[in-house]
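First the structure, in the form of structure tokens, and then the observations on it.
The values are calculated or read from the model by the stated rules, or taken from the named source; none is laboratory data. These numbers were taken from a predicted model, which means no experiment stands behind them. Cβ atoms come from the backbone with ideal geometry, glycine included; neighbour counts cover every protein chain shown.
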Amino acid sequence: MPTSFVLRPQTDKQHWSFVEGPWREDDQGMITAPPELGDENMAIYTEHAFGDFEAEYEFHWDNAWTDAGFVFRGRDAQHFYVVQFPCVGQQRRAEHFWAAISKADRTGFLQVLKMEMMHGVTSALGVWHHARLKVTGNEFQLWVNDRPLSVVIDDTFAGPGYVGLYTQSGLGEGDRSSFRNVRVTGQPASAPPWDDGPQPPHHYGVLDAVHGSGCCQIARAANGDLIVGSGDNLHRSSDNGRTWTSQPALHGQSLIQLDKDGNLINFRADDKTFELYRAVSTDHGHTWSDQEQVGEVKFGPDRPYQELVPSIILRLHDDSLLWFLWARTKHERTILKGRVFTYGPVPNFINICLRSTDNGRTWSDWVDIDGPPHDDLTPLYHKDRHSEISAAQTRDGRVIALSRPDESPFMWETWSSDGGRTWTPQSRGPFALYACTYAICTTTSGYLLIGGRFPAIAVQVSRDNGMTWQCYQIDTGIWANGAMFEVEPDVVLFIYGAKNQPQELRRQLLRVTKDNLEPIG
């Protein structure tokens, strides 16, 4: 007969294994991870392994950059399934709640098997939720406050394994998620002992430990050097992103392209005058010419935009350039408890694209990437605030543009089949993702990658030209705001803002294959 076990790490310490420090339990039975540690925390119940079982527990988020997970079928800290309830600031404020079931393997990444938005479940902090998990063979069923997630079927970890709790804080040191009333009902099963040896691997390096909230677009100079800006620095690598040096940046370097003559070109858009500027380097980015004005974005009196913000510049297969920008009329800022929020009336936003066929010496008039036919009575800025634009050209030659939402639970998606001249109407995209403006690329084999915020630091991979996507959580953190660049065939350098206390700009080399995403180094 199945037996019911109440899991309490504080009162039963000899039967628990902890990753990154022992967990605590207060007099009311609330279970929390140690707040002074960063990255992931795990508490694994090691007295019994379970094959088929049912588990239930209550949880709430203690901050807006965390996860409240339940580990099952675990072998060690590198091989397990985990129920996830990820939280980031934008998703929480917009009140959409997500649940996922993922698996961890030797890569240290979490491959998301299923992630869905759960209706009727609040994303407010401090609210207790009830989770129930039923594991039967290779079939996993999950409910949150009695709302079901679609059934997940997976055979990776088929035998009995260990269960436990999982959380993390993208802030670094600080509060995470809290748990209580953790109960597992099932027949204990025979399994090898939990292996305390393997720890969750971390494959990132730190590029900038001061200006850690994000970086600019990555470019490769004619001599093979990679260059990227963060803060007031321009970082340089001559070994495909494995080691770096730094120098002061000039002209606010953020959008750099290599032309066919081997020169680097840096582009800048003035956020107030809407004038476009261009500077050239003939020595691989060590020195730069004076800036010259090469255009101006004009909207007319019927569109009184007050700020212009540049997004990615994309070089197409035919060597033309597409420059994506977004404009807004109003951006109210409210300071609450030392933090800046952007509440207030819905701003009038527009996402646009410019085109150049002469390496940015001249630019076309702007084109709204919310293409016709569209309902002029309800333009997109009434549906959602949309801003940062990520764009890439797929293997079949089309261009996909994904725009960051503010209230929407999904990104906005639009396509061009004629090199950016015209666009489809923007529609709901395939996933939730934030802060990924420059972090998108297409690899030699045609794999499409985009990296950003949610869940934690995640990379979405499409192996069919953007039709379907697979999500991998590759790190914890709150910032993202990163950039991607293919440095070798199907090997992508991803630089991104990670934790916040203290800030860290991290880098990883990722190899994408037909069935996985793997770290290098």
Margin query: Condition first: small (G, A, S) and assigned to a loop (DSSP other than H, G, I, E, B). Now tell me which residues in segment 29-55 satisfy that.
Written below: G29, A33, G38
Notebook entry, point to check: Of all residues in segment 471-502, which are in a loop (DSSP other than H, G, I, E, B) and farther than 16 Å from P455 by Cα?
Noted result: P489, D490, P502
Next item on the list: Take segment 276-299 and flag every residue that is under 16 Å from S364 (Cα atoms) and either in contact with a helix residue (DSSP H, G or I) (Cβ under 8 Å, 6 or more places away or on another chain) or at pLDDT below 95 (or both).
Entry: F299
Item checked: Cross-chain or 6+ apart pairs with Cβ under 7 Å, segment 354-372 first and in a strand (DSSP E or B), then crowded, with 19+ Cβ neighbours inside 10 Å and at pLDDT below 95 -> D368/I350
Next item on the list: Please find, within segment 211-233, the residue that is modelled with the lowest pLDDT out of those that are among the small types (G, A, S) and surrounded by fewer than 21 Cβ atoms within 10 Å (Cβ to Cβ).
Entry: G231
Margin query: As an exercise: evaluate G446 against (1) surrounded by fewer than 24 Cβ atoms within 10 Å (Cβ to Cβ); (2) on the phi > 0 side of the Ramachandran plot; (3) at pLDDT below 95; (4) of a type in the set (G, A, S) and give the number of the one condition it does not meet.
Written below: (3)
Margin query: Please determine whether any residue of segment 193-211 is over 30 Å from A498 (Cβ atoms) and part of a loop (DSSP other than H, G, I, E, B).
Written below: yes
Next item on the list: Quickly run through segment 220-231 and pick out the residues that are touching a residue at least 60 places away in the same chain (Cβ under 8 Å) and not in a loop (DSSP other than H, G, I, E, B).
Entry: R220, L226, V228, S230
Check: Can you find a residue in segment 173-186 that is of a type in the set (K, R) and farther than 12 Å from E56 by Cα?
Finding: yes
Margin query: Among the residues in segment 345-352, are any at pLDDT 95 or above and not polar (S, T, N, Q)?
Written below: yes
Check: Are any residues in segment 431-452 more than 12 Å from T394 (Cα to Cα), out of contact with any Gly (no Cβ under 9 Å at 6 or more places or on another chain) and assigned to a strand (DSSP E or B), and if so, which ones?
Finding: I450
Check: What's the number of the condition Q141 fails, among (1) within 20 Å of the chain's Cα centre (by Cα); (2) over 30 Å from N266 (Cβ atoms)?
Finding: (1)
Next item on the list: Name, by its number, the condition in (1) modelled with pLDDT of 95 or more; (2) more than 23 Å from G174 (Cβ to Cβ); (3) not in a strand (DSSP E or B) that does not hold for P455.
Entry: (2)
Notebook entry, point to check: Within segment 66-82, can you find the residues that are among the β-branched types (V, I, T) and under 20 Å from the mean Cα position of the chain (by Cα)?
Noted result: T66, V82
Note to self: Considering only segment 10-19, I want to know if a residue exists there that is in contact (Cβ under 8 Å) with a residue 40 or more places away in the chain, among the hydroxyl-bearing types (S, T, Y) and closer than 22 Å to G159 by Cβ.
What the structure shows: yes
Item checked: Subset of segment 95-129 [farther than 25 Å from N516 by Cβ and either touching a Cys at 6+ places or on another chain (Cβ under 9 Å) or crowded, with 16+ Cβ neighbours inside 10 Å (or both)] -> H96, F97, M118, V121, S123, L125, H129
Notebook entry, point to check: Of all residues in segment 135-170, which are closer than 14 Å to E54 by Cα, in contact with an Asp or Glu (Cβ under 8 Å, 6 or more places away or on another chain) and surrounded by fewer than 17 Cβ atoms within 10 Å (Cβ to Cβ)?
Noted result: T136, G137, N138
Next item on the list: Working carefully through the options R176, R180, find the one that is outside the structural domain of I478 (by TED's automatic domain parsing), crowded, with 16+ Cβ neighbours inside 10 Å and under 25 Å from P409 (Cα atoms).
Entry: R176
